[in-house]
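See structure below.
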Amino acid sequence: MRIETRLQDMGIVLPLNEVGPSYYGTKYGKMKPYYEYGQLLLLSGQTAGIDAEGNARFPGRVGRTISVDDARHAARQTGINCVAAIKNAVGDLDRVVGFARVLNFVACDPEFTAPHLVASAMTDFLVDVFGDEIAVAPRATIGVTSLADDYCFETWVTVEVAEPARRP
C-alpha cells in the first residue's frame, strides 16, 4: 500500500474512525459518516476531533480567540481525519483517484478576511500524502460565525475512488 507507507514515513497514525450507531457525527443529528455514489465518496463534515476529555480540539474563532497558526494545525488534523474516514469507507487508500471537491468552513471574527490561509494547511497535508495530481481539488473556503462545539475548522470532502481490484 503506497499511501499507507507514505503516512508511516511521515509519522502519521490514523485515528480510529467509528461507523454505524457509534459514529461521532450522530451527536449532531441523524447522518451517515459517508455516502458512496458510483465512484464518488462523499464524507460527512470532518473536524479536528475531540481531545481525551471529549472537548473540541482547537476551539474558537480565528482572529478573535484562536491564532491563524493554531487554526492551521486544526485544518491539518482535519485532513488526517479525512484520510482516516476515507480509509474506513473504502479500505485501501490507493483507490483514491482524486479529490473532486472540498468545501471548508472557518469560524472567524467578521474582520478576519483570510480563511483560505487556514484551509491551505489541509490542502498542503493532502498533497504531501497523495501528491498534486490527486489532492489538489476544486475548493472553496467560507468564513462563518460559528461551528458546532466551537470548532474553528470543518470540511466537506468528495473523493473519487477506483473500483476495487478483482481477485482471480
Checklist entry - Within region 50-59, is even one residue touching a strand residue (DSSP E or B) at 6+ places or on another chain (Cβ under 7 Å) and either without any contact (Cβ under 8 Å) to a residue 24 or more places away in the chain or of a type in the set (D, E, K, R) (or both)? => result yes
Checklist entry - Do you know which residues across region 47-64 are at negative phi, hydrophobic (A, V, I, L, M, F, W, C) and crowded, with 20+ Cβ neighbours inside 10 Å? => result ALA48, VAL62
Next on the checklist: Consider region 60-74. How many of its residues are of a type outside the set (Ser, Thr, Tyr) and without any contact (Cβ under 8 Å) to a residue 60 or more places away in the chain?
Outcome noted: 6
Checklist entry - Within region 118-132, is there a residue that is buried (at least 19 other Cβ atoms within 10 Å of the Cβ) and of a type in the set (D, E, K, R)? => result no
Checklist outcome for this item: Of the conditions (1) more than 17 Å from ASN104 (Cβ to Cβ); (2) at pLDDT 95 or above; (3) aromatic (Phe, Trp, Tyr), the single one that TYR34 does not satisfy is (2)
Checklist outcome for this item: region 70-168: strands (runs of 3 or more DSSP E) wholly inside it with 1 or more residues that are in contact with a helix residue (DSSP H, G or I) (Cβ under 8 Å, 6 or more places away or on another chain) and aromatic (Phe, Trp, Tyr) are 96-107, 153-161
Item to check | Search result, residues across region 1-28 that are surrounded by 15 or more Cβ atoms within 10 Å (Cβ to Cβ), in a helix (DSSP H, G or I) and at pLDDT 90 or above | outcome: ILE3, GLU4, ARG6, LEU7
Next on the checklist: Quick check on GLU111: is it among the acidic types (Asp, Glu) and more than 26 Å from GLY11 (Cα to Cα)?
Outcome noted: yes
Checklist outcome for this item: If we keep only residues of region 31-69 that are of a type in the set (A, V, I, L, M, F, W, C) and assigned to a strand (DSSP E or B), then the residue nearest to the chain's Cα centre (by Cα) is LEU43
Item to check | Index of the failed condition, PHE112 passing every other in (1) buried (at least 22 other Cβ atoms within 10 Å of the Cβ); (2) modelled with pLDDT of 95 or more; (3) of a type outside the set (D, E, K, R) | outcome: (1)
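The values are calculated or read from the model by the stated rules, or taken from the named source; none is laboratory data. No experiment lies behind these values; they were computed from the predicted model shown. Every residue, glycine among them, receives a Cβ derived from its backbone with ideal geometry; neighbour counts consider all protein chains shown.
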